[in-house]
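Written below as C-alpha cells is the structure these notes are about.
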Amino acid sequence: QVLLEESGGGLVQAGDSLRLSCAISGGIPSRYIVGWFRQAPGKEREFVAAINWTGENTNYGDSVRGRFTISRDNAKNRVYLQMGSLKPEDTAVYFCAAERSASAWITYEYEHWGQGTQVTVAS
C-alpha cells in the first residue's frame, strides 16, 4: 500500500554533510508521520528524526539534535534528512518509515518501512 525508498547514502569524511531522500508512494503520503531510523552492525535500531504531515512538528534523537534536520516536500512526495557535522559513529544503514497514527510520536512504532541506504563516515 505505502512504499518507501531511501536514497542519497554514500561514503563521506568526518565533518562532511550529506542529504538523504525518502520517496513515498501509495496511500495518502502527505498525511503520514515520517521518521528516520538507523542501525549499525551490532547495535539496536535507533530513532533519528520524525516529521508530521504539515512539517510544523519535528522530533530528533539526542545523538543528532543540532546536527541533522528533517524536512518534507509533499508536492514531490519526498522527505529529507540533512546531515551535518558527520561523525564516524553516524555510520549506519538509514531507514525511513511512515505511520498514520499520532501515537508514533510516543511509541516510535511505524507500520511502513523502506529498505535502507548505507551511510559510512570515515574517521
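Key figures
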{"item": "For the stretch 66-79, Karplus couplings with θ = phi - 60° (6.51, -1.76, 1.60), whole Hz, Gly/Pro x", "result": "x, 10, 10, 9, 9, 8, 8, 10, 5, 5, 9, 6, 10, 10"}
{"item": "Alpha-carbon gyration tensor eigenvalues x 5, square-rooted, for the chain, Å", "result": "23, 14, 13"}
{"item": "Whole-percent carbon and sulfur share, accessible surface of the stretch 54-97, 1.4 Å", "result": "41"}
{"item": "Per residue value of the accessible surface for the stretch 12-123 (all protein chains in place, 1.4 Å probe), Å²", "result": "51"}
{"item": "Value of relative contact order over the chain, rounded to a whole percent, pairs C-alpha under 8 Å and six or more apart", "result": "35"}
{"item": "Signed unit charges on C-beta, dipole axis of the chain, positive-most listed residue SER7, THR107, GLY35", "result": "SER7"}
{"item": "Gap separating the Cα centres of the stretch 1-52 and the stretch 81-101, nearest whole Å", "result": "5"}
{"item": "Packing-based order for 109-115, 93-99, 44-50, using average beta carbon neighbours within 10 Å, highest first", "result": "93-99, 44-50, 109-115"}
{"item": "Using θ = phi - 60° and Karplus 6.51 cos²θ - 1.76 cosθ + 1.60, couplings along the stretch 98-103 (whole Hz; Gly, Pro as x)", "result": "10, 8, 6, 7, 5, 4"}
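The values are calculated or read from the model by the stated rules, or taken from the named source; none is laboratory data. This one's a predicted model, so the numbers in the text were calculated from it and none came from an experiment. We place every Cβ from the backbone using ideal geometry, glycine too, and count neighbours over all the protein chains shown. Surface areas here come from the heavy atoms of the whole protein model, side chains and all, with no ligands, DNA or RNA. Shrake-Rupley method; radii C 1.70, N 1.55, O 1.52, S 1.80 Å.
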